[in-house]
Amino acid sequence: MFINPGTQTNTMREYRADVIETLHDVATTIQSKETITGVCERTVSAATGLLDFNLCTVLIREDDWLVPYATSDDAPPDGSRRMQIDEGLAGKTYQTGTSHVVSEITPSDETKPAKDIYQSGISVPIGEHGVFQAVDTTTDAFDDRDIELAELLVSHTATALDQLAHERELKRQNERLDRFTSAVSHDLRNPLNVASGRLELASEECESPHLDAVADAHERMEHLIEDLLVFARMGTDCIEYTTVALPAFVDDRWDELATPGATLHVESTQTVRADRDRLRQLVDNLLKNALDHGGSDVTVTVGELDDGFYVEDDGPGIPESDRADVFEPGFTSTTEGTGFGLNIVKQVADVHDWGVTLTTGATGGARFEIHDVELPVSGQE
């Protein structure tokens with residue numbers, strides 16, 4: 001169903017090339033639509049305006065049905081109807097994912113057209129979303145070239161619908177995360193605060209080693225809540241890159257976290273490009289890991305790599321049998337750990353497109369290497 005350009009200078013091949021080029025331009029407008037209906041209406045508009053498919057429709061799957069979302073203006077009011085996903089040519093197209101040309105529609109075939117006046121047609125799948133169909137009131141109105149152009153058009157439709165589906169799923173995930181973080185920060189913290197207050201009153205009235213154990217449990221619960229909130233929120237906020245002087249940054253974090261007897265050596269003069277808050281989470285969790293597992297007199301070294309930096313301790317190290325699991329959420333080798341610290345390290349690395357590897361340090365301790373870090377030229381902002 002090609003339009004004759006009406007000039008002797010334009011060959012059919014040149015015209016087809018022009019249509020293909022225009023369809024690529026149309027892709028931008030299709031993918032700019034913010035609703036499924038908008039995408040379908042723009043697809044039908046392009047099919048009628050560029051391909052001369054004056055009787056066409058887009059059907060989108062809803063549960064077990066293919067439902068018309070957009071139909072061309074020239075089609076009769078009842079020129080398209082909803083069909084079950086295994087019904088007629090639309091159902092066959094959707095089920096097989098294969099395009100079809102019907103040169104002549106007959107009462108005995110499996111096409112099941114919406115109107116008896118339809119004599120020929122094409123049916124093209126739109127990925128997992130639905131089907132595009134065009135019909136004509138004459139026989140032999142379509143050929144393989146029409147299929148080719150229709151497939152090109154609906155490939156852009158499928159991309160737009162994929163993006164909308166991804167955005168809907170992301171929105172649902174964020175809503176679930178919001179509910180989760182609300183429950184953690186309020187529904188868990190509020191009774192914990194009440195329990196801590198009661199514990200403080202009880203400690204003033206009597207002395208018991210059991211109260212110390214309760215206080216330790218409360219502190220562990222608070223750490224777990226903090227790690228859960230960081231874990232849940234990771235990746236939902238935008239990255240804001242800034243230039244960070246690593247030596248001073250690590251020194252500041254150590255001052256807040258270090259325990260008596262522990263030692264820090266910073267053997268780096270690097271400046272890195274990173275989101276400061278997330279870098280703090282990564283450095284804090286690596287330092288905490290060394291302090292928790294390296295012993296009371298642990299020495300922690302932060303040094304340079306060609307493409308990043310490392311954090312190494314002189315503690316007992318991490319057995320090779322555990323190294324594949326240490327970055328998994330909930331994994332911990334102690335009763336005091338929350339099991340989220342090293343997973344948060346991995347998530348911070350991922351959102352920066354960094355790599356993180358665990359190996360053995362020079363004295364047998366744990367060594368975490370952060371690779372693919374952007375290292376600006378000294379003095380560059």
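The values are calculated or read from the model by the stated rules, or taken from the named source; none is laboratory data. As the structure is a prediction and not an experimental result, all values here were calculated from the model. Cβ placement follows ideal geometry from the backbone for every residue including glycine, while neighbour counts extend to all protein chains displayed.
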Residue within region 322-344 that is crowded, with 17+ Cβ neighbours inside 10 Å, outside the structural domain of HIS218 (by TED's automatic domain parsing), in a loop (DSSP other than H, G, I, E, B) and modelled with pLDDT of 85 or more present: no
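Helices (runs of 4 or more DSSP H) wholly in region 175-277 with at least 3 residues that are assigned by TED's automatic domain parsing to the domain that holds GLY295 and at pLDDT 85 or above - which ones?
Details: elements: 189-205, 209-233, 246-257.
Hits in region 175-277: 246-257.
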Any hit, region 295-316, residues being buried (at least 21 other Cβ atoms within 10 Å of the Cβ), assigned to a loop (DSSP other than H, G, I, E, B) and not hydrophobic (A, V, I, L, M, F, W, C): yes
Residue list for region 129-155, restricted to those being touching a helix residue (DSSP H, G or I) at 6+ places or on another chain (Cβ under 8 Å) and either among the hydroxyl-bearing types (Ser, Thr, Tyr) or surrounded by fewer than 17 Cβ atoms within 10 Å (Cβ to Cβ) (or both): ARG145
Selection within region 31-78 - in contact with a Lys or Arg (Cβ under 6 Å, 6 or more places away or on another chain) and surrounded by 16 or more Cβ atoms within 10 Å (Cβ to Cβ): LYS33, VAL39, ARG42
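Every residue, every condition in (1) within 20 Å of THR137 (Cα to Cα); (2) among the basic types (Lys, Arg); (3) touching a Cys at 6+ places or on another chain (Cβ under 6 Å), yes or no:
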site: GLU41; (1), (2), (3): no, no, no
site: ALA47; (1), (2), (3): yes, no, yes
site: LEU50; (1), (2), (3): yes, no, no
site: PHE53; (1), (2), (3): yes, no, no
site: THR57; (1), (2), (3): yes, no, no
site: ILE60; (1), (2), (3): no, no, no
site: GLU87; (1), (2), (3): no, no, no
site: GLY91; (1), (2), (3): no, no, no
